[in-house]
Amino acid sequence: MQKNSQKNKNRPKNLNLFTIRLPINALVSILHRASGMALFAMLPLILLAFQYSARSQQSYTKLVALFDTWFIKLMLVGLAWAFSHHFFAGLRHLLQDSHWMASLQKTRLSSRVVLWLVGISVAIFSFVVW
């Protein structure tokens with residue numbers, strides 16, 4: 001038993017996370033989790049903006065003026081990225097759970113499709129917002 005622990009101690013360790021090259025499957029999965037966390041973190045602000053917009057005509061007008069700033073538009077584009085990535089990657093994960101993509105080749109292809117769909121949807125949203 002000591003041979004195994006001695007063997008593990010002598011293994012090389014790569015502690016520089018910037019040199020690790022993740023497969024595209026892992027990248028899409030990590031971004032799926034990150035986008036879900038971003039959506040959850042932004043939920044109180046979204047609900048607050050909805051409440052503020054429904055309060056009166058004046059508050060709605062102020063909110064529209066606030067949403068016309070470049071910083072808020074940039075945040076909305078980021079929110080659109082988080083939503084679209086979480087949506088498309090979630091569909092991909094559901095299809096994987098139903099064993100539709102059993103091979104590594106199909107999984108890599110679906111990861112690329114997810115990234116392309118996210119890019120296209122964010123580009124369309126950005127075009128509409130600006």
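The values are calculated or read from the model by the stated rules, or taken from the named source; none is laboratory data. All values reported here derive from a predicted model rather than from experimental measurement. Cβ sites come from the backbone with ideal geometry, for glycine too, and all protein chains shown count toward neighbours.
Just a few scattered comments:
- Taking the criterion of being β-branched (Val, Ile, Thr), in a loop (DSSP other than H, G, I, E, B) and surrounded by 10 or more Cβ atoms within 10 Å (Cβ to Cβ), no residue of segment 12-28 qualifies.
- Boolean, THR61 is loosely packed, with under 11 Cβ neighbours inside 10 Å and farther than 28 Å from VAL114 by Cβ: no
- Meets criteria (out of contact with any Leu (no Cβ under 6 Å at 6 or more places or on another chain) and closer than 23 Å to SER110 by Cα) for ARG11: no
- Pairs meeting the criteria (first residue in segment 90-112 and at pLDDT below 90, second residue surrounded by fewer than 15 Cβ atoms within 10 Å (Cβ to Cβ), beta carbons under 7 Å, at least 6 apart or on different chains) are MET101/LEU95.
- Check on SER53, surrounded by 14 or more Cβ atoms within 10 Å (Cβ to Cβ), hydroxyl-bearing (Ser, Thr, Tyr) and within 22 Å of the chain's Cα centre (by Cα): no
- Options HIS99, HIS32, HIS86; residue that is surrounded by fewer than 10 Cβ atoms within 10 Å (Cβ to Cβ) and either within 30 Å of TRP130 (Cβ to Cβ) or not polar (S, T, N, Q) (or both): HIS99
- Qualifying residue in segment 68-78 (condition: under 18 Å from PHE125 (Cβ atoms) and among the polar types (S, T, N, Q)): yes
- Residue tally, condition hydroxyl-bearing (Ser, Thr, Tyr) and within 17 Å of GLN96 (Cα to Cα), over segment 23-48: 1
- Which numbered condition PHE127 misses (of (1) within 30 Å of ALA65 (Cβ to Cβ); (2) surrounded by 11 or more Cβ atoms within 10 Å (Cβ to Cβ); (3) not β-branched (Val, Ile, Thr)): (2)
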